[in-house]
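The values are calculated or read from the model by the stated rules, or taken from the named source; none is laboratory data. Here the structure is a predicted model, which is why all the values come from computation and not from measurement. Here the Cβ positions follow ideal geometry from the backbone for every residue, glycine too, while neighbour counts run over all protein chains shown.
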Amino acid sequence: MRERKFVYDAGVLIAIDRRSAAALMRHDRLMTRGNRVIVPAVAAAQAVRKPDRQARLMLALRGVDIAAFTSAHHVAVGRLLAESNTCDVVDAFVVLLAARNEAAIYTSDVEDIKRLVDTLGVELPVLAA
């Protein structure tokens, strides 16, 4: 069976941190089924505020791949933002990361993510968190 890949935005991480039953069950199900979960480091930075008080979130982040935002990404992210007439760097990076990995996206902001996916001209599942 082919490994399935998923990219989380910050909203998913915030839901995990707030102990949303749906978010926790989904994350546990994805991880126990051997899927690859990718979290942009910039999305994690939006969610992690007091790691010593965010045990659930920190535990969830242990099992995922954290993708760094590097100098190799800034031009592509900037272009996508300009073409989509949007301004959220993290959302654009989420979409580019998902496209590169042929991954589905779990997001708390389906409309904005779909706009970026459409602008990029790729077909990716965009799933409500």
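What to note about this one:
- Residue within the range 13-27 that is hydroxyl-bearing (Ser, Thr, Tyr), surrounded by 13 or more Cβ atoms within 10 Å (Cβ to Cβ) and over 16 Å from the mean Cα position of the chain (by Cα) present: yes
- Ala68 being at pLDDT 95 or above, under 16 Å from the mean Cα position of the chain (by Cα) and under 18 Å from Met31 (Cα atoms): no
- Only listed residue being surrounded by 18 or more Cβ atoms within 10 Å (Cβ to Cβ) and part of a helix (DSSP H, G or I), chosen from Ala45, Ala76, Ala92: Ala92
- Just one of the numbered conditions (1) more than 19 Å from Lys5 (Cα to Cα); (2) free of Cβ contacts under 8 Å to residues at least 24 places away in the same chain; (3) in a helix (DSSP H, G or I) is not true of Thr119: (2).
- Taking (1) exposed (fewer than 14 other Cβ atoms within 10 Å of the Cβ); (2) touching a Ser or Thr at 6+ places or on another chain (Cβ under 9 Å); (3) polar (S, T, N, Q) in turn, Thr86 satisfies each apart from (1).
- Tally of residues being in a loop (DSSP other than H, G, I, E, B) and basic (Lys, Arg) across the range 55-73: 0
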